[in-house]
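Just so you know, all these numbers are worked out from the coordinates, no wet-lab data involved. Predicted model only: the values in this text are computed from it and were never measured. Cβ atoms come from the backbone with ideal geometry, glycine included; neighbour counts cover every protein chain shown.
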Amino acid sequence: MKYPKDVVNYQCRDCILWKTRTQVVWGDGFPTAQLGFIGEGPGREEDETGIAFVGKAGRLLRKILGLLRLKRKVIILNLVKCRPPQNRPPLPSEFEACSKYLYRQIDALPNLRVIVVLGRVPWKFLTGKEEPVIQNRGKTEKWHNQLLLYTYHPSFLARSHDKDRLKEFIKDLKKAKAIAGIRK
C-alpha cells in the first residue's frame, strides 16, 4: 500500500527502535479497506521483509482471512513500525513516538470502519484499558471514527493450539466483517 509522503518516514529516529531495525514496517493491505487489524509490532520476519504479519502468526491470520474471503479486503498495521528487540512488547515511549504515524495511516484510509485489535498490548495502548483478552474478546468500543473489536493475537493461537480459542477468534472476525458491512 502506498501512503502520502507525510504519513511515512523511512528514516524515522523518533525512538530507540531505529537502532536495531533492518527496516521500517508500515503494514500491508488495501487503501480501500473497511476492515483493519492492529498488532503490537513487527517480528523478525517482518523486519526482514518489510511486510506486516508474514511470520508464523501472520501466516495463521492470513490463512483465516482467506477462509473468510477477506484476504484482499483488509489493512494490517502495528502499533510500532520497527521491531522491538527480542520481540518484547513496545514500551509506552516507543508507542508514543510512533503513534502519529499510526494515526496518519488510519486517517488515510477513508473507508475504514472496524479495527480488530489483536491482543492485550494494542488494546491497552489504544483504549487505556487493562482488560484480559479471554474475558473480553469480542468486545467492541467506539474509537475516533472507527469501532474497535478486541480479540486474541494470532501468535497466542499459534502457540496454544487451543481449538476452542481458534473458533472464538474466527467468530470475532466474522463479527468484525459483518459490522464493517463486508458481504461474501
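I need the GluC sites (Glu not before Pro) found in region 100-184, filtered to DSSP loop residues with at most 11 other beta carbons within 10 Å of theirs. Please list the in-between numbers first.
Details: sites: E130, E141, E168; in loops: E130.
Answer in residue order: E130.
Nearest 500 deg cm²/dmol is fine: what mean residue ellipticity at 222 nm does the chain get from its DSSP H runs of n ≥ 4 alone, each adding -39,500 (n - 2.57), divided by its residue count?
-11500 deg cm²/dmol
Write down the percent of antiparallel bridges among all DSSP beta bridges whose residues are both part of region 16-117, to the nearest 5.
20 percent
Sum up the charges of everything whose Cβ sits under 12 Å from the Cβ of K174, counting Lys and Arg as +1 and Asp and Glu as -1, but leave K174 out.
Around K174, the charge tally is +3.
Placing one identical point scatterer on every Cα of region 76-150 and ignoring solvent, what is log10 I(q)/I(0) from the Debye formula at q = 0.11, 0.15, 0.16 Å⁻¹?
Evaluating at q = 0.11, 0.15, 0.16 Å⁻¹ gives log10 I(q)/I(0) of -0.28, -0.52, -0.59.
Applying the Karplus parametrisation 6.51 cos²θ - 1.76 cosθ + 1.60 with θ = phi - 60° to the phi angles of region 172-184, what ³J(HN,Hα) value in whole Hz is obtained for each residue in order, glycine and proline being reported as x?
With the stated coefficients, region 172-184 comes to 4, 5, 5, 4, 4, 4, 5, 4, 6, x, 8, 8, 6 Hz.
Below 8 Å, C-alpha to C-alpha, sequence gap of six or more: please give me the relative contact order for the chain in percent.
Reported as a whole number, the value is 25 percent.
What chymotrypsin sites (Phe, Trp or Tyr not before Pro) in region 1-107 are in a loop by DSSP, with at most 10 other Cβ atoms within 10 Å of the Cβ? Could the numbers behind the result be given before it?
Working: sites: Y10, W18, W26, F37, F53, F95, Y101, Y103; in loops: Y10, W26, F53.
Counting only loop positions with at most 10 other Cβ atoms within 10 Å, the chymotrypsin sites (Phe, Trp or Tyr not before Pro) in region 1-107 are Y10.
What is the antiparallel percent of DSSP beta bridges lying wholly in region 26-180, to the nearest 5?
Within region 26-180, antiparallel bridges account for around 30 percent of the total.
Grab the other residues whose beta carbon is less than 12 angstrom from that of E40, score K and R as +1, D and E as -1, and report the net.
Working: positive: K81, R83, R88, R120, K124; negative: E46, E94.
With Lys, Arg at +1 and Asp, Glu at -1, the neighbours total +3.
On a 32 Å Cα-Cα criterion, which of the cross-link pairs K100/K167; K19/K167; K71/K129; K19/K163; K124/K175 come out too long?
From K100/K167; K19/K167; K71/K129; K19/K163; K124/K175, over 32 Å: K100/K167; K19/K167; K19/K163.
Using the Cα atoms of the chain to build a convex hull, what is its mean projected area in square nanometres?
Mean projected area of the Cα convex hull: 9.5 nm².
Can you compute 3J(HN,Hα) from phi for each residue in region 114-130, using the Karplus curve 6.51 cos²θ - 1.76 cosθ + 1.60 with θ = phi - 60°, rounded to whole Hz and x for Gly and Pro?
Once θ is set to phi - 60°, the couplings for region 114-130 become 10, 10, 7, 8, 8, x, 5, 5, x, 4, 4, 5, 7, 9, x, 9, 9 Hz.
Give me a comma-separated list of calculated 3J(HN,Hα) values for region 132-140, in order, Karplus coefficients 6.51, -1.76, 1.60 applied at θ = phi - 60°, integers in Hz, x for any Gly or Pro.
Whole-Hz 3J(HN,Hα) from phi for region 132-140: x, 5, 4, 7, 10, 4, x, 5, 10.
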